[in-house]
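The values are calculated or read from the model by the stated rules, or taken from the named source; none is laboratory data. Model, not experiment: these values are computed from the prediction. Cβ placement follows ideal geometry from the backbone for every residue including glycine, while neighbour counts extend to all protein chains displayed. Just the protein is used for accessible areas: all its heavy atoms, side chains included, with ligands, DNA and RNA removed. Shrake-Rupley method; radii C 1.70, N 1.55, O 1.52, S 1.80 Å.
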Amino acid sequence: DIHKKNGIDTAVVLEKKQLEEVIIKKLVAADVPFYPVADRSRLAFNPFISWLFDIKKVFKVYRSYRPDLIVISNGTPGIMLGTLLFPVPVLFVMHTYPERYPWPLRTLWNLFCLPGKKQFLTVSAFSASEINRNMGISRDRISVVYNGYERQLNRSNSSTPLVLTLGHVVNYKNPGGWLQVANKVVRERPGTRFVWLGDGTLLQRMRDEVEQLKLADAVLFEGYRQDVDDYFTRASIYFQPSLIENHAISLLDAMASGLPCVASSAGGTPESIVDGETGFLCTPDDVDSFAARLITLIDDEELSRRMGESGRVRAEEFFSPDVQEQGILGQYAALAKSSLSGEGRGRGDFNKRV
């Protein structure tokens, strides 16, 4: 969408298993050419082997399309690193961070990440430090552009406190700790409701635990829902006790919608929430502190409103889609300036082939 808005010619490379109908329709509607490549084998997910797959399969697309810049959007850090070998600027966008690589790989990829021509981009300073530590990429070759919020809604006035959480019901999101907190708060403040939206491997187990605790009327694991906006407008507080987060978009959506946030201090979350100003931060395993902070906001409507408004202001200043867009275009322009084919265009004025 950013490319289309800014007149950047774009082509997309997808493995055959990624050719879902909704993706194809969007690409066709935007008149974006796409190149299917073979599905990556299990062996080709190994960082030592992945670069061979990239050279054999993806390099053919490069030769055909002849881009001025390659942008990798990667949630699996060990793959697609072979693109750093291609003779064109590369922006390697990492939405997560890797396990610690063996020293030969750390040395190899740091050598291939040429200053000014190959740049890593990630979504938080926390993630950047982990990429530096685990991959050996020099910190000055890792840029940070924060995620932008995807929704901005207005809260409705509800007489029933509703504590909202979004995310996959999986271990790192800490659903067990979440349920302990919900149990404690509901016992102390009857009438409060907790809702978790999202599917995941632990969904049924958590539903079973809710039944065992006899909390079914107050605590809901709703699974996947399409009417997320409705929940945001009815919510009073957003709660996310994750064990780790890079830079959660759901937190940004909550802030942009004027919800005070109670979240864990793990990972990149403190880069979003200002403790005591836009919400509260607690260590992921501190059930009592989470419960106390939620009860404080439930009991003090003026504090809740003030923190929510502070969060909205912070989201608009640092995490709006426009801020994210300018950050991304700035990265493109910087790489264009340093490449042999770059013409020194200014920030936000990149209009090449990607």
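Note on segment 206-256: residues that are of a type in the set (Ser, Thr, Tyr), open to solvent by 10 Å² or more (accessible area, probe 1.4 Å) and either within 15 Å of Trp178 (Cβ to Cβ) or touching an Asp or Glu at 6+ places or on another chain (Cβ under 7 Å) (or both) total 2.
There is no residue in segment 24-31 that is open to solvent by less than 10 Å² (accessible area, probe 1.4 Å) and not in a helix (DSSP H, G or I). Considering (1) at pLDDT 95 or above; (2) of a type in the set (Asp, Glu); (3) closer than 24 Å to Arg234 by Cα, the lone condition that Asp288 does not fulfil carries the number (3). The residues on offer are Leu259, Leu297, Leu335, and the sole one that is over 24 Å from Phe221 (Cβ atoms), open to solvent by less than 30 Å² (accessible area, probe 1.4 Å) and more than 15 Å from the chain's Cα centre (by Cα) is Leu335. Only one entry of Pro67, Pro77 meets the criterion of being surrounded by 14 or more Cβ atoms within 10 Å (Cβ to Cβ), in a loop (DSSP other than H, G, I, E, B) and at pLDDT 90 or above, and that entry is Pro67.
Tell me, please, whether a residue that is out of contact with any helix residue (DSSP H, G or I) (no Cβ under 6 Å at 6 or more places or on another chain) and in contact (Cβ under 8 Å) with a residue 40 or more places away in the chain can be found in segment 101-111. For segment 101-111, residues out of contact with any helix residue (DSSP H, G or I) (no Cβ under 6 Å at 6 or more places or on another chain) and in contact (Cβ under 8 Å) with a residue 40 or more places away in the chain: absent. Residues that are in a strand (DSSP E or B), in contact with a strand residue (DSSP E or B) (Cβ under 7 Å, 6 or more places away or on another chain) and either open to solvent by less than 50 Å² (accessible area, probe 1.4 Å) or in contact (Cβ under 8 Å) with a residue 60 or more places away in the chain (or both): does segment 123-133 have at least one? No, segment 123-133 contains no residue that is in a strand (DSSP E or B), in contact with a strand residue (DSSP E or B) (Cβ under 7 Å, 6 or more places away or on another chain) and either open to solvent by less than 50 Å² (accessible area, probe 1.4 Å) or in contact (Cβ under 8 Å) with a residue 60 or more places away in the chain (or both).
When restricted to residues that are open to solvent by 10 Å² or more (accessible area, probe 1.4 Å), free of Cβ contacts under 8 Å to residues at least 40 places away in the same chain and over 16 Å from the mean Cα position of the chain (by Cα), segment 266-294 contains 10.
Within segment 309-320, being over 19 Å from Gly148 (Cβ atoms) and either crowded, with 21+ Cβ neighbours inside 10 Å or of a type in the set (Ser, Thr, Tyr) (or both) holds for no residue.
Within segment 1-23, the set of residues being under 18 Å from Ile72 (Cβ atoms), open to solvent by 50 Å² or more (accessible area, probe 1.4 Å) and of a type in the set (Val, Ile, Thr) comprises Val13, Ile23. Can we say Leu197 is within 28 Å of Ala125 (Cα to Cα), outside any helix (DSSP H, G or I), open to solvent by less than 60 Å² (accessible area, probe 1.4 Å) and of a type outside the set (Asp, Glu)? Considered against the rule, which asks whether it is within 28 Å of Ala125 (Cα to Cα), outside any helix (DSSP H, G or I), open to solvent by less than 60 Å² (accessible area, probe 1.4 Å) and of a type outside the set (Asp, Glu), Leu197 comes out as yes. Here segment 32-52 is the region considered, the condition is being farther than 27 Å from Gln326 by Cβ and of a type in the set (Phe, Trp, Tyr), and the residue that is surrounded by the most Cβ atoms within 10 Å (Cβ to Cβ) is Trp51.
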